[in-house]
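A quick write-up on the structure given underneath.
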Ligand code: NAD
């Protein structure tokens, strides 16, 4: 018989028919990189509202130490020493890591021939190499603790060739494939790895990177006819963070107003 929990507990085993009614991440310990802005900040807010213990990670300095209820932590995801120390601090304060959301990212829009090599290297270092470094650090703790869920924020620009995005598109394409390999390598140890691939979303990053022409182009190309909100991306992350998605791994969930589905535009 299906065991249904009305009480808010974490780590129900959906594979045994158990399920939770109510909050689906209550008590889980989640680390969210890029948690100070945009999509990451919306994920932090939603997971906290759903009862998770959340550590938001970003480049800015923390103004208070972590507690067993989470908090904010300074970390540069492109720096292995910073990541290693940060994850040790999370485990020391919160006891374990159940969820990692990689939302830290940088972007640039520039024609291929004008893209400097150092700009390419920096975008790969943060978006792709950073996801490898944090993923490895988190997965080591998760494996030792019986499992967990890693959600990497990819992009529709990692799934097809959007103009002017050689570095960014390559980094996000890499994140997509890295996530699939991680999902395969870690499945037996109970760690799930998935990608949420947003279309255009109103955030400080987009305000900085999208020109008026880019906005017009995305508007025509996106069937929903608008940019998404960070909260709409966070809702998809919540599902993948929770045990409700216990049989979902290696998946790329586009949250893009139909961007990837469109052939000829609607008339
Ligand atoms: P944002 O700029 O609002 O937030 C990104 C955060 O990452 C910032 O707070 C920044 O300080 C942090 N960050 C940057 N480099 C870091 C580093 N080395 N270490 C730790 N933190 C670092 O951007 P956003 O739009 O919310 O983007 C979040 C993620 O979503 C990114 O990976 C981005 O590529 C992806 N994405 C965004 C969109 C969009 O339209 N906004 C679309 C697809 C994918």
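The values are calculated or read from the model by the stated rules, or taken from the named source; none is laboratory data. What you see is a predicted model, and the numbers here were worked out from it, not measured in a lab. We place every Cβ from the backbone using ideal geometry, glycine too, and count neighbours over all the protein chains shown.
Would you kindly identify the strands (runs of 3 or more DSSP E) lying entirely within segment 30-131 that contain at least 3 residues that are within 12 Å of the ligand (Cβ to nearest atom) and surrounded by 17 or more Cβ atoms within 10 Å (Cβ to Cβ)?
Those strands (runs of 3 or more DSSP E) span 53-58.
Per-residue answers, yes or no, for (1) in contact with a strand residue (DSSP E or B) (Cβ under 8 Å, 6 or more places away or on another chain); (2) within 26 Å of residue 64 (Cβ to Cβ):
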position: 92; (1), (2): no, yes
position: 105; (1), (2): yes, yes
position: 109; (1), (2): yes, no
position: 112; (1), (2): no, no
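Looking at segment 140-167, which of its residues are assigned to a helix (DSSP H, G or I) and within 24 Å of residue 254 (Cβ to Cβ)?
Matches in segment 140-167: 156, 157, 158, 166, 167.
Consider only pairs whose beta carbons are under 8 Å apart and that are at least six residues apart or on different chains; among these, list those whose first residue lies in segment 139-159 and is without any contact (Cβ under 8 Å) to a residue 60 or more places away in the chain and under 16 Å from residue 34 (Cβ atoms) and whose second residue is in a loop (DSSP other than H, G, I, E, B) and within 8 Å of the ligand (Cβ to nearest atom).
Nothing qualifies.
Only residues that are assigned to a strand (DSSP E or B) and within 12 Å of the ligand (Cβ to nearest atom): list them for segment 168-205, please.
Of everything in segment 168-205, those that are assigned to a strand (DSSP E or B) and within 12 Å of the ligand (Cβ to nearest atom) turn out to be 195, 196, 197, 198, 201.
Pull up segment 206-236, narrow it to residues that are near the ligand (Cβ under 9 Å from one of its atoms) and modelled with pLDDT of 95 or more, then point me to the one that is surrounded by the most Cβ atoms within 10 Å (Cβ to Cβ).
Filtering segment 206-236 for residues that are near the ligand (Cβ under 9 Å from one of its atoms) and modelled with pLDDT of 95 or more, the one surrounded by the most Cβ atoms within 10 Å (Cβ to Cβ) comes out as 233.
Please specify each residue of segment 137-158 satisfying the condition of being in contact with a strand residue (DSSP E or B) (Cβ under 6 Å, 6 or more places away or on another chain) and surrounded by fewer than 20 Cβ atoms within 10 Å (Cβ to Cβ).
147
Pairs needed: first member in segment 42-64, free of Cβ contacts under 8 Å to residues at least 12 places away in the same chain and within 22 Å of residue 84 (Cα to Cα); second member anywhere, within 14 Å of the ligand (Cβ to nearest atom) and not in a helix (DSSP H, G or I); C-beta distance under 8 Å; at least 6 residues apart or different chains.
Pairs that qualify, where the first residue is free of Cβ contacts under 8 Å to residues at least 12 places away in the same chain and within 22 Å of residue 84 (Cα to Cα) and the partner is within 14 Å of the ligand (Cβ to nearest atom) and not in a helix (DSSP H, G or I), are 63/72; 64/72.
In segment 208-267, which residue that is in a loop (DSSP other than H, G, I, E, B) and without any contact (Cβ under 8 Å) to a residue 12 or more places away in the chain is nearest to residue 198 (Cα to Cα)? Give the derivation first.
If we filter segment 208-267 for residues that are in a loop (DSSP other than H, G, I, E, B), which is where we start, we get 210-211, 222-227, 229, 242, 246-251, 256-267.
So of that shortlist, the ones also without any contact (Cβ under 8 Å) to a residue 12 or more places away in the chain come out as 263-264, 267.
Values: 263: 18, 264: 21, 267: 24 Å.
Only one residue tops the list, namely 263.
What is the residue count in segment 132-143 for residues that are closer than 18 Å to residue 53 by Cβ and more than 16 Å from the ligand (Cβ to nearest atom)?
So the count comes out to 2.
Would you please list the contacts, defined by Cβ atoms under 6 Å and residues six or more apart or on different chains, that run from a residue in segment 184-202 that is under 21 Å from residue 159 (Cβ atoms) to a residue that is assigned to a helix (DSSP H, G or I) and at pLDDT below 95?
Going by the 6 Å Cβ cut-off, the qualifying pairs are 200/218.
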